[in-house]
Each structure stands twice: as structure tokens, then as C-alpha cells.
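Comments concern the structure below.
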Amino acid sequence: MIQNILAVLVGSAVTLIALIIGNANTWQQYVSALVIGGIGNLLWPLVAGIWLHRKAKARRDSQIQDEVNKQMNAQK
């Protein structure tokens with residue numbers, strides 16, 4: 001939980017710095033950028049987890065298929 005909060009704070013700080021450097025005009029631009037940065041940082045672990053899970057599943061399925069092919073060739 002603390003890691004998620006820290007990730008949101010760091011992402012928001014980076015977004016804020018980018019806005020300051022980019023000369024944002026109104027406080028609404030700052031707030032919207034901070035909210036978008038925070039939401040992005042909250043969702044990033046979920047996206048990364050889904051991607052890594054699919055990659056591991058594809059690798060496992062490939063290994064299973066290779067073993068099946070090896071056994072089928074051994075039977076011939």
C-alpha cells in the first residue's frame with residue numbers, strides 16, 4: 001500500500017515538474033495533469049502484471065507444445 005502511494009506521489013511530482021518546465025497557464029492544467037499522472041501510476045502495476053502473466057503463459061504453453069511434439073516424434 002505504501003509503495004502505491006509513493007508511486008502516485010512520485011508520478012505526480014514528475015508530472016508537476018514537466019508542467020512547470022512546460023509553462024502551464026492555469027491551475028486546472030496542473031490539477032488535471034496531477035490526477036492523470038496519479039491514475040497512470042496506480043494502474044501501471046496492473047498493466048505490467050497482466051503483460052508479464054501473458055508472457056509467462058505463452059512461454060509455458062510453448063514448452064508444453066515442444067514436449068508434446070518431442071513425444072509424438074519419439075512414438076513414430
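What the table shows:
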quantity: Residue that is assigned to a helix (DSSP H, G or I), loosely packed, with under 15 Cβ neighbours inside 10 Å and modelled with pLDDT under 75, where the choices are Ile39, Ile5; calculated: Ile5
quantity: Residues of region 25-76 that turn out to be within 17 Å of Val8 (Cα to Cα) and without any contact (Cβ under 8 Å) to a residue 24 or more places away in the chain, as a count; calculated: 12
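The values are calculated or read from the model by the stated rules, or taken from the named source; none is laboratory data. What you see is a predicted model; the values in this text were computed from it and never measured. Ideal geometry is used to build each Cβ from the backbone, glycine not excepted, and the neighbour counts take in all protein chains shown.
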